[in-house]
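Structure first, commentary second.
The values are calculated or read from the model by the stated rules, or taken from the named source; none is laboratory data. Predicted, not measured: the structure shown is a model, and the values here were computed from it. Virtual Cβ from ideal backbone geometry, glycine too; neighbours counted across all protein chains shown.
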Amino acid sequence: MNGSAWFTQLLPEWILLIGGCLVLFLGATRSARSSNQLPFISLVVVLAALVVSVLRPVEGLATTAAPGLLLTELTNYVRFVALGVGLLLALVNWHQPISSERGEYLAMMLFSLLGVLLTASANDLLVLFFAIELVSVPTYVLIGLSRDDSRAPESTVKYFFLGAMAAAVLAYGLSFLYGVAGTTTMYVVRDGTLQSTLALGAGMDGLALIGLLLVFGGLCFKIAAVPFHFYAPDVYEGAASPVTGLLGFVPKIAGFVALLKIFGAMDWALPTSFLWIVWLVAAASMTFGNVQALLQQNAKRVLAYSSIAHSGYMLIALLVGPLAGAGPMRDGVLALLFYIGIYGAMNLGVFALLASYQRDAKSIELIDEFKGLAAKAPIAALALAACLFSLMGFPPTAGLLGKLYIFSSAFSLDQSHAFHGPLVALAIIGLLNSAIAAAYYLRLVAAAYMQSNDPDSAPVPKEGMGARLGLVCCAVAMIGLFVSPMSLVRRAKPVDVVLTGNEVSTVLTAAPEDSSAVVLAKPLDSESASSR
Amino acid sequence: MESWILTIVVFSPLVGAVLLMLMPNGGGLRRLAFGWSLVTLALAIYAVSSFLQAGPDENTYVLTAHVPWITGGDSSLGLVDIGYRVGVDAIGMWLIVLTAFLTPLAIWASFTAIREREREYYILLLFLQVGMLGVFCALDLLLFYVFFEFTLVPLFFLIGIWGGPEKRYAAFKFFIFTLAGSVLTFAGVVYLAYYAWSSGATTGGALTLSIEELTKLGQQGVFPYGVQWWIFLAFMAGFAVKVPLFPVHTWLPLAHTEAPTAGSVILAGVLLKLGTYGFCRLSIPILPEAAVGFAPFVAVLAIIGIIYAALAAWMQEDVKKLVAYSSVSHLGFCMLGLFSMKIAGVSGAVMYMINHGLSTGALFLVIGCIYERYHTRSIKKIGGLARQMPWMAFFLVFFTLSSIGLPGLNGFVGEFLVLLGTAISNTAGIEGDVGPLGYIYVIPAATGIILGAVYMLWMCRCVLFGPLNEPANTPDTSRGLTKDLTMREIGFLAPIALVCIFLGAYPKPLLESLEPAIARNILQLPEDRIAAILELDNEAEVVLIAEATDAVPPSEVRIVPAAALVPTDDFLTTPIDKINIASPETAKGGVADER
């Protein structure tokens, strides 16, 4: 490996890292803290990383750059989506917090995004673990820094302890997977195609199942799925709205990408008993999340429960995976990747609204506090409605197409497959759930439009345009992706080749390879094996 | 221009909505909305002329356009072919005209009633129009679903913001009820797409949602009965709520009572037709066997709805609720006609959709005029208004008569054809095999007609005649209204009345244009039969319906124009296999072969 590949292939990651450090150091100076310099730099950093990743995509099926990393088409897609939503996050967090820790705050946001990018490129179980922790640890700090309110530290502590436990569970599960496979490497490149190395061997089902379960449990915490969801409403309520918008997206995409990578590395040869567990988690997340959300008065708690429900929808797509065939409408991986991208934006839009209006010098939170919004700020109300209808899965927004991809992939599993029936049932549970969900999203819409038409009773806009601009961008993105979904799907399409190009018969351990194959994973493979 | 005219019509209200957003506050808003809806009407009429030139009798759909929307790259990934596909046949075209015709009137009717948040109000009405126009020309299932669902959003706001005292409850109930049904329809759509694709029979092996192609597959028997059964049920969940069929009709009276006048007009006039249109455009052609199988079940629900809603209407105190229940009853007839699976019945049902849109829409407009003056709709609080408001009385009686199907007015034609179609449904004829319904369904349905006359005339008597009964401090003329109807109000009622008279007196052009569309696109008759049917229309006024006997299987039965037969005394007593059976070709020449 030559030295420059280290840098050029990982340029977006480097930009984020260096930019984050820069923001951190500048934050220590008084002049930078008081002006808009820091948010502007963060925005430019994310934009630069996005531009670089779009202009210089990873070429070919799989390219390796550094030990423990494997850059694939998946990296391209995750970079695009995470940095795209990252731009919106930078906008929404523009004025947050108004305190001396602004530099630290924005740097943590950039580091968390860096973690997402690394999750997508990780090729070693350990690197994957570290990447996920790189996503999580900054979020603990972000919640604590987000506002001067007694609830913020409480949320931090809750999130931190539960997060630490989830990390332990995840690490324990990964150790089982290592034990079964004998290697921590997930994929090797052989003859120009990806081959997975964690596929289950005969007689190891029991151990592998325990490992899988633990990994899944640990990641369920990140994606806020039942039964590891209890923290979500409290943490969402305690953190400031812009951070909550971040919490709904960054850990979720990292968790789902990690699950995709691990399942892919096992060739999707998952035991049926495990599939049933995922099935139950999906059904419970959707149902429990939606029903609980109906009962809430606080908009942030509503969105927390809705976030749980949305994890349920995405788990349907994960369950289908690549098993139903390739291409949009069939491929679960593609449906999941599309949905996570649009979910990040539409969810963030609602939090952006919460972040940009206040009553009595406090950000609005209760549903009733939305009243009069349509009279006071028609554009913000319209954008809010677009985001909410998208969460609902309603035309003319991308949410509908996201649901279409997910549910059609669930229907598309071959009829001879044992899981065809359960998946159809799950899809119908999901569809009925989206009708339940409409009830509480509509309450938010109705509060903004129907409760009062008196601009004087309306919430007062906060200083600064950042969050409102973010809100409008989210809404425009939702409508734009409805009209032209292929602009995002096209980017996700090569991804399924990466995850499904494997042959199911791949062996589990690192077999001897021909030296002609251009592999960087191979030496790593032996390294990691020998180092243990 | 030809292929884009429909797109222009559908999205023209959107342009109007954008203009409204940019317009300064003031009275110009409503005039712009009204003017723009007239532009849309003009465009729709232009579309009709292009439609007639494009040869609707020979083609399945005309004025078609296609833009890829969701595609699936190269074949190695599996093709996906979902697109923006539009096109119309006669059914869609006339419903588009109905929509474009009713919307300006509804907007005009709102001039005095709506005085707050005018801009949003008219923008939402125009949005609603986009959704409705889109449904009637969508030729892709996903596009259909998108427009179908989208109509919920503006109406939710229209009811929830400008509605009556229980507006929020009504808006929520309307939205959730309809959505709960249509998510199942969505499941049906997705499953249908999957099944068609997995059967491998689609063009190029692509996953397609083209209605034309799915119809073709449905006719080729690609979908086994079990699959059709489930998909039919899923479709029905969404469409039945929209129609609404008993027992999922409960949202409708509430939504109608709470909605502002224009909302009620559009809801009754067009939105309910989205349900029947869905049955007619999707369920029957794509799932023919399941449709036949379900027909008795649907018909029984329709009949229960007809009678139950008629009785319920009779008991109402609120005039608007009474008319709302009458809608449930009338739409039952529509469903009955559709599932007779005969040209007569289906064209009757389509006529019924149009007529119901006109008469019930107009009734809601008249009631709106009363409500604006008296601020009540309770039969107990108003009475004897004929002396106060002779013009209003004229229109109320006129539209009541049109609604109960007085011969000579529009309602009669549809009603008659529906009952005829239902009655002859289990008779084999030129249209082929026996249909699923029969005489037995006509008897209770006809009772519904009598009940319809009873409650509507009862309502007229209470409101118009008898001793004068007005609440205190009414009529309210503070908004520039006069005691009787103003010129503006006459202006929006008179056009509907004229159309009602025209359609009642001379429905032939409408029926004739519907016939080939129904035969080809809905009932999917083979081309030679369609040719024969069209031939019959041209050559003879009398249609003889022959019955199948043991000797002659239904598929063998041909119908001949009466002129082609040599009438003899024993004609009626001759067994069917002995009388002249003519193929269309020979019938054309007027010569009948002995068989």
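Things worth noting here:
- Qualifying position, being under 25 Å from the mean Cα position of the chain (by Cα), over 30 Å from B:Val346 (Cα atoms), away from every other protein chain (no Cβ under 14 Å) and among the hydrophobic types (A, V, I, L, M, F, W, C), among B:Val39, B:Val86, B:Val15, B:Val9: B:Val39
- Cβ-Cβ under 6 Å pairs, at least 6 apart or on other chains, the stretch B:266-282 side assigned by TED's automatic domain parsing to the domain that holds B:Asn355, far side at pLDDT below 90 and not basic (Lys, Arg): B:Gly275/B:Val243; B:Thr276/B:Val243; B:Cys280/B:Ile522
- For the stretch A:407-431, a residue qualifies if it is of a type in the set (A, V, I, L, M), closer than 27 Å to B:Phe156 by Cα and either surrounded by 24 or more Cβ atoms within 10 Å (Cβ to Cβ) or within 24 Å of the chain's Cα centre (by Cα) (or both), and the qualifying residues are A:Ala427, A:Ile429, A:Leu431.
- Lone unmet requirement of (1) farther than 30 Å from B:Ala302 by Cα; (2) surrounded by fewer than 24 Cβ atoms within 10 Å (Cβ to Cβ); (3) touching a strand residue (DSSP E or B) at 6+ places or on another chain (Cβ under 9 Å) for B:Leu385: (2)
- The residues in the stretch B:110-143 that are within 19 Å of B:Ala42 (Cα to Cα) and touching an Asp or Glu at 6+ places or on another chain (Cβ under 9 Å) can be counted, and the count is 1.
- Any hit, the stretch B:89-98, residues being in the same structural domain as B:Leu485 (by TED's automatic domain parsing) and outside any helix (DSSP H, G or I): yes
- Criterion violated by A:Ser273 - all others in (1) closer than 29 Å to A:Ser363 by Cβ; (2) out of contact with any strand residue (DSSP E or B) (no Cβ under 9 Å at 6 or more places or on another chain) satisfied: (1)
- Residue count for the stretch A:300-331, restricted to those that are closer than 16 Å to A:Leu423 by Cβ and within 13 Å of chain B (Cβ to nearest Cβ): 9
- Pick from the stretch B:103-138, criterion within 14 Å of chain A (Cβ to nearest Cβ) and not in a helix (DSSP H, G or I), ranking: modelled with the highest pLDDT: B:Ala138
- Residue match in the stretch B:225-240 (condition: within 14 Å of another protein chain (Cβ to nearest Cβ) and either more than 20 Å from B:Val292 (Cα to Cα) or part of a loop (DSSP other than H, G, I, E, B) (or both)): no
- Search result, residues across the stretch A:432-457 that are more than 15 Å from A:Gln292 (Cα to Cα), hydroxyl-bearing (Ser, Thr, Tyr) and facing chain B (nearest Cβ under 8 Å): A:Tyr449
- Among the residues of the stretch A:379-431, those that are more than 8 Å from every other protein chain (Cβ to nearest Cβ) and β-branched (Val, Ile, Thr) comprise A:Ile379, A:Thr397, A:Ile406, A:Ile429.
Condition check ((1) surrounded by fewer than 24 Cβ atoms within 10 Å (Cβ to Cβ); (2) farther than 30 Å from A:Asp148 by Cα; (3) polar (S, T, N, Q); (4) touching a Lys or Arg at 6+ places or on another chain (Cβ under 8 Å)) across all residues:
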{"position": "A:Ser241", "(1), (2), (3), (4)": "no, no, yes, yes"}
{"position": "A:Thr272", "(1), (2), (3), (4)": "yes, yes, yes, no"}
{"position": "A:Ile277", "(1), (2), (3), (4)": "yes, yes, no, no"}
{"position": "A:Gln297", "(1), (2), (3), (4)": "yes, no, yes, no"}
{"position": "A:Ala326", "(1), (2), (3), (4)": "yes, yes, no, no"}
{"position": "A:Asp331", "(1), (2), (3), (4)": "no, yes, no, no"}
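- Among the conditions (1) surrounded by 22 or more Cβ atoms within 10 Å (Cβ to Cβ); (2) free of Cβ contacts under 8 Å to residues at least 60 places away in the same chain, B:Asp81 misses just one, which is (2).
- Close pairs (6 angstrom Cβ cut-off, 6 or more residues apart or separate chains): within 7 Å of another protein chain (Cβ to nearest Cβ) and surrounded by fewer than 17 Cβ atoms within 10 Å (Cβ to Cβ) in the stretch B:62-77, in a strand (DSSP E or B) and at pLDDT below 85 anywhere: none
- If you go through the stretch B:168-183 and keep only what is surrounded by fewer than 21 Cβ atoms within 10 Å (Cβ to Cβ) and facing another protein chain (nearest Cβ under 8 Å), you end up with B:Arg168, B:Phe172, B:Ile176, B:Ala180.
- Out of B:Ile91, B:Ile45, B:Ile8, sole residue that is over 29 Å from B:Gly205 (Cβ atoms), modelled with pLDDT of 90 or more and surrounded by 17 or more Cβ atoms within 10 Å (Cβ to Cβ): B:Ile91
- Hey, A:Leu373 buried (at least 24 other Cβ atoms within 10 Å of the Cβ), within 14 Å of chain B (Cβ to nearest Cβ) and in contact with a strand residue (DSSP E or B) (Cβ under 8 Å, 6 or more places away or on another chain) or not: yes
- Of residues in the stretch A:333-351 being of a type in the set (A, V, I, L, M) and either surrounded by fewer than 24 Cβ atoms within 10 Å (Cβ to Cβ) or within 26 Å of A:Val424 (Cβ to Cβ) (or both), the one farthest from the other protein chains (Cβ to nearest Cβ): A:Ile340
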